[in-house]
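Here the structure is laid out as structure tokens; the discussion comes afterwards.
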Amino acid sequence: MSLRSSTRLKEKNARSITPKLPPEPLAIEDEEELSVKLESEDERPASKRRRGASKQVQKASGGPPASSSTKRRSGKLGQMTEMPLDILYETFSHLQPLDLLHLSRANKELRYLLLTRTALAVWKAAFINADPRPPACPPALNHTQYANLLYGHHCQYCASQHGNIAVWAVYVRCCAKCLSIHFVPPVYDDELEKQARLLSTRWYVKSGKHDKFVYLKKEVDEVREKYLELRQDKDAFEAWKRTMRQSKDQHTQLGGSLAIWCDRVKQKRLKELDQARVQRVEEILARLEALGWGEELELHPVRTRLINLPALKQSRELTDRIWENIKPGLVEFLEQSKATRLQNDRRYRLGLRVRLLYQVFDQYVRELPPRTVTPGPADLASTVPFRRLILETPLDENLAIGDFADLIDELPNLCLSWEQSKNKFLSSLIPAGKRSRVKGLRSFDLATTFFRCAWCRDPIAYPRVLVHDCLSKVHSSTQINEEDEELFAILEETPWNYGDDSVTFDEEASIAAHAIITAVNKDPRTTTPQEMDDLDPRIECIQCTTPRSKLAMRWRTAILHTLSIHDCVDETNWVLLNASEANIAKGIEAKHMPRWRSDVACAICRTPTTRKDFGLHYCKYRTDKTDPGARVYVPLDVPMNQPPYAVKIPV
């Protein structure tokens, strides 16, 4: 450059020749305006110098330093302006436009140097260095204004730092608030306003949740005034319209080019951020492997969860200080992941053993008669032999069904022992006045004995209470011991009445049953449910009888009817129907039975279904062509409310 020859001349005659001053700077607005507005490059500099400019020039060109009384404290860039001007400009020519924009706002000296006409070559070189390179600077802007438009983040109206909306076609960058003030939307009902907007530059902006077309208000006002002024002169009016359309097309074309360039910049930035994140992740993983976590990081789930942590999703460069800050959290995460993985692996292996237990127990149950009381899988797994085999066998040892063969022979004794202990517990729940007084007749075998589950309100008789489903479920309020938590989590159920607080004696159902049994002329202290079922009486509810009909029902239905409909449980509320009326009631019940849902189960595979849908049931264990009716039975754990339901018989 020619600047280097001038440097040599200055160095040669430094002691005898006064340094040549650079050209006087262009008039610019105050720094707080933030939208740099230089006069055109071919315009002469202003005759009035800026205060302090000569001192700045002397300082930048190697002149005598300022006096100690006026010298201010310089910042980190304070020594930069003492370099020779040609070296300084040569250095600046390798920067990006955004770098020059930031330097011009660093201090007054750098601002003065970068906003002079001699710095034009530096700005042009910076735009050539830009990647991606923006379109050529439009004639209406100088390079400083163009850089502020492309790379700035300040509103050109209010100097807000939220100037994120760029209206490229009219060279404006503003905030959302100023957009609503200085721009107007399209108008379709006013012809004058419509014509004014048709000749003005239109641009599509994205502001908040709404995208819209806008026009620069100042331009619309000028176009409107010119439109009113020239529309009487047809030739001048048409010429002006052609000029406006050409200008509009040029602005729109340049705006489109700038919008494409802006998208390319965003894509490049996103790519750089992605590369920075990948590099950061690779460095973090390498450091974790050096700490001995390589085997854990090879597992895909752990690696994926680790990469999605906030510390690894950042694009900041990884320094030693940052690593020391995030290392404890990452190590703790890997320790927890390893512990969870080992726990899940243990549960998976234990689950395979529990599956074998289910197969063995299912085979044993299918050999028993239907409606046989047996403990649940959780009760069986809680016994010492099965618990020791499932939990204490080393995990690396694979078990098979043959390993349970020795325990199969112990199942009858285990089931009998379990049933006796539960019967003893149920007997303790029955009040003294409700217990059997007949030798050999257990208290829970009486027709007046009912229990209540803590999770449902259905009266539960014996032996249904021993196989009731609610009493083996894991409820939210179930308090499980730490030693049993792992096993029950795999089984997804608990032993029967775990905690001994889910079963109570149902006093209300017992009183209702006492009244009904008394009404059919039976002794509540000795009558069993089987005797009531064999008698199969039909009784009438006095309170529900009308002059035209009587409400007849079975004895179990009558108990539910009392509990849900009436508060009166006295035996005077019930009347035993005679044989003729009972036959009429049974005939009506038989007519409605096909429509009523009746819960049954397959006697071979024990699959629950309904009597209506049993014809569609496919039993995988069926080996003969026996009568389908012989393969149906009513399971123990079915709701008490089963058909036939209450029916009305005519009076």
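The values are calculated or read from the model by the stated rules, or taken from the named source; none is laboratory data. Remember, predicted model here, so these are calculated numbers, not experimental data. Quick reminder, even Gly has a Cβ in these numbers, built from the backbone with ideal geometry, and neighbours come from all protein chains shown. Note: accessible area is taken over every heavy atom of the protein model, side chains too, but ligands, DNA and RNA are not part of it. Shrake-Rupley method; radii C 1.70, N 1.55, O 1.52, S 1.80 Å.
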Dividing the Cα radius of gyration by the Kirkwood radius, what Rg/Rh value follows for the chain?
-> 1.30
Label point 7 Å beyond Cα of T607 along Cβ direction - residues of the range 348-366 with amide nitrogen under 17 Å = 362-363, 366
Residue order for M244, M83 - accessible surface, 1.4 angstrom probe, largest first = M83, M244
Taking Cα centroids, how far is the range 402-442 from the range 494-557 in Å?
-> 25
Once the range 155-279 is represented by equal point scatterers at the alpha-carbon sites, with solvent omitted, what log10 I(q)/I(0) does the Debye formula produce at q = 0.14, 0.20 Å⁻¹?
-> -0.70, -1.16
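How much length, in nm to one decimal, is gained on full extension between D403 and R242, taken as 0.36 nm per residue of separation minus their Cα-Cα distance?
Working: separation 161, 0.36 × 161 = 57.96 nm, distance 9.71 nm.
Here the answer is 48.2 nm.
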Subset of K424/K586; K206/K268; K434/K586; K177/K248; K522/K550; K124/K177 violating a 30 Å alpha-carbon distance limit | K424/K586; K434/K586; K124/K177
If R0 is 60 Å, what FRET efficiency do you get for L616 and R303 from their C-beta distance, rounded to 0.05?
-> 0.75
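Would you kindly state how much longer the chain becomes between E193 and R548 on full extension, computed as 0.36 nm times their sequence separation minus their alpha carbon distance, in nm to one decimal? Don't skip to the end; give the middle numbers.
Details: separation 355, 0.36 × 355 = 127.80 nm, distance 8.45 nm.
Extending this stretch completely gives an extra 119.3 nm.
So which GluC sites (Glu not before Pro) in the range 382-435 end up in coil per DSSP with only 15 or fewer other C-beta atoms within 10 Å? Mind showing how you got there, number by number?
On the way: sites: E392, E397, E410, E419; in loops: E392, E397, E410.
Answer in residue order: E392, E397, E410.
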Extending each Cα 7 Å along its Cβ direction at D533 and L98, get the distance between those two points in nm, one decimal.
-> 8.4
Loop trypsin sites (Lys or Arg not before Pro), the range 344-388 (other Cβ atoms within 10 Å of the site Cβ: 15 or fewer; DSSP) | R371
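How big is D, in µm² s⁻¹, for the range 279-349 by Stokes-Einstein at 20 °C and 1.002 mPa s if Rh is the Kirkwood radius over C-alpha pairs? Walk me through the numbers before you get to the answer.
Working: Rh = 12.7 Å.
Translational D for this selection: 168 µm²/s.
Name the longest site-free stretch of the chain, where the excluded sites are chymotrypsin sites (Phe, Trp or Tyr not before Pro) in a DSSP loop with no more than 15 other beta-carbon atoms within 10 Å. Don't skip to the answer; put the middle values down first.
Values: sites that count: Y188, W455, W596, Y618, Y621, Y645.
By the stated rule (loop sites, at most 15 other Cβ atoms within 10 Å), 189-454.
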Taking placed amide H atoms and a strict 5 Å upper bound, the residues 5 or more places from Y215 or on another chain that come that close are V184
For the range 348-358, just list the computed ³J(HN,Hα) in residue order, Karplus coefficients 6.51, -1.76 and 1.60, θ = phi - 60°, integers in Hz, with x standing in for Gly and Pro.
-> 5, 5, 5, x, 5, 6, 5, 5, 5, 4, 4
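Need the full-extension length gain, H566 to L441, defined as separation in residues times 0.36 nm minus the C-alpha distance. One decimal, nm. It would help to have the intermediate numbers written out before the result.
Numbers: separation 125, 0.36 × 125 = 45.00 nm, distance 3.12 nm.
Between H566 and L441, full extension yields an extra 41.9 nm.
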Give the residues of the range 409-433 whose amide nitrogen is closer than 14 Å to a point set 7 Å from the Cα of R525 in the direction of its Cβ.
-> 432-433
The chain: calculated mean residue ellipticity at 222 nm from DSSP helix runs of at least 4, using -39500 (n - 2.57) = -14500 deg cm²/dmol
Using alpha-carbon positions, what is the distance between the centroids of the range 342-370 and the range 140-154, in Å?
-> 75
Computed curve, the range 93-236, Cα-only Debye sum without solvent term, log₁₀ I(q)/I(0) at 0.10, 0.18 Å⁻¹, is -0.46, -1.04
Quote the FRET efficiency, to the nearest 0.05, computed for D320 versus Q359 with a Förster distance R0 of 51 Å and r equal to the Cβ-Cβ distance.
-> 0.30
Which value results when the Cα radius of gyration for the range 216-347 is divided by 2.2 N^0.38 Å?
-> 2.14
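Rg/Rh for the range 99-146: what does it come to with C-alpha atoms and Rh from Kirkwood?
Values: Rg = 10.9 Å, Rh = 11.3 Å.
Expressed as Rg/Rh, it is 0.96.
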Modelled label reach - T91, point 7 Å along Cα→Cβ, the range 111-139 residues with backbone N closer than 17 Å = 111-115, 119, 122-123, 126
Simple label model, 7 Å out from Cα along Cβ direction - L291 to H153, nm = 3.2
Out of A381, T448, G402 - ranked by how far each Cα lies towards the positive end of the dipole of the range 321-473, with unit charges on the beta-carbon of charged residues - the top one is T448
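Rounded, prolate or oblate for the range 495-651? Axes are the square roots of the Cα gyration tensor eigenvalues, ordered a ≥ b ≥ c, and the cut-off for rounded is a/c under 1.5.
Details: a/c = 2.32, a/b = 1.37, b/c = 1.69.
Oblate.
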So for R0 = 60 Å, FRET eff. of K206-D469 from the Cβ-Cβ r, to 0.05, ends up at 0.55
The range 419-494 shape via C-alpha gyration tensor axes, a/c threshold 1.5 = prolate
List, in order, the whole-Hz ³J(HN,Hα) value for each residue of the range 415-421 obtained from phi through the Karplus relation with A = 6.51, B = -1.76, C = 1.60 and θ = phi - 60°; use x for Gly and Pro.
-> 5, 5, 5, 5, 5, 5, 5
Estimated inter-spin distance, H162 and E485, nm [label 7 Å along Cα→Cβ] = 4.8
